[in-house]
Each structure stands twice: as structure tokens, then as C-alpha cells.
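Every read-out reported here was derived from the displayed coordinates using simple, explicitly stated rules and does not represent laboratory data. In this text, all values refer to a predicted model and were calculated from it rather than measured experimentally. Reconstructed Cβ throughout: ideal geometry from the backbone, glycine too, with neighbour counts over all protein chains shown.
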Amino acid sequence: MVAEHRPQWASALRPLCSAADRAILGVLGEKFRPPAPTAVAEELTPETMLENLPSAMKSFRCHPDYTEAFLNWAFFEMEQVAARGRLIRSLVRDDGGQFLGWYVYYLKPRGAGWVIQVAASRYHGVALRSNGRVWTWGDNGGGALGDGTTTNRSSPTNAGRWSAC
């Protein structure tokens, strides 16, 4: 255990150092805090999915060869499965209109959530569970992962809840 190898004076200074950290962050914290990510969700339709599919798949060698007819059928069939909850499908853009990704999941009141949509870029990935929880990993420059830090993550970390309502 780390505490067993720590000098006694270090344990004695811990409260003082914690107080200094809080004071410094209180004064300078906002200057170092990355801006809150902004995004706008719109309805994901077969047309918007096909329009943005090349951007989403540009770093992959293989990609789905969807047609508008197939996506219309798939979304219709998914919406008919009422036992899984309400189907939520959204395309996400930044506040400048740049495509960021999309998510598709079932919103089931008080139900367990499973990952049903994953989006990724060269730098980071996002998984959305059907319970609305968002899990992110990868490069966190500028707070891109939405977990309140700028720490890069090699494994998924909970970034909070996404609300479609």
C-alpha cells in the first residue's frame, strides 16, 4: 500500500496541501477549465445518415453500403419493437453545423441499458447505452470526451447522461 511507504511529514502536510489546491483552483480554476462542449441534435433520417456516412467512415477501410430504402426499412422495423422502448435516433452537429456523429438507442423507462450505438473518429470514441449513459475514450484534448477533464482515456469512462427530451 502506498501510505505505508509515505513519510510521516507528508501525511501531516496533506490537509495544508489540499487547502492550497482548493484556494488556487478557486482563483484560477475557470481560466484552465476547458469550454463546455456544445452540440446540437437533429432527427437522424435515412437521408441525413447517408449524407454523413462518408465523413463518419473516412478512416475505415470497410464500411456499410446502406441504401435509403434499407435504412427506411431498418428504422421502421426498429420502431415496431415497442417492448424495447421508444426508439431515439439523432444526428449530432457542433454549434457551427459540423457533423460529429449520430446515436440510435431505445429509451426504456427505468430499464437496464445496453450499448446500441458506437461512434468513433481517429481520435476518440463514444458509446451510448439505451439508458442514456454516454461512455467515451481516446484523445481528450480540449475536453472532447465530455468527462470534465482533459485526461486521455484508453478505456471507456462514464461521461454522464444524454437526454433526448
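Below, the figures for the structure above:
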read-out	value
Segment F70-R161, length gained on full extension (0.36 nm per residue, minus Cα span)	29.7 nm
Karplus-derived 3J(HN,Hα), 6.51/-1.76/1.60, for each residue of segment 137-153, Hz, glycine and proline x	7, x, 6, 10, x, x, x, 4, 7, x, 9, x, 10, 10, 7, 5, 10
Peptides ranked, highest mean first, by Cβ atoms within 10 Å: ranges 133-143, 88-98	133-143, 88-98
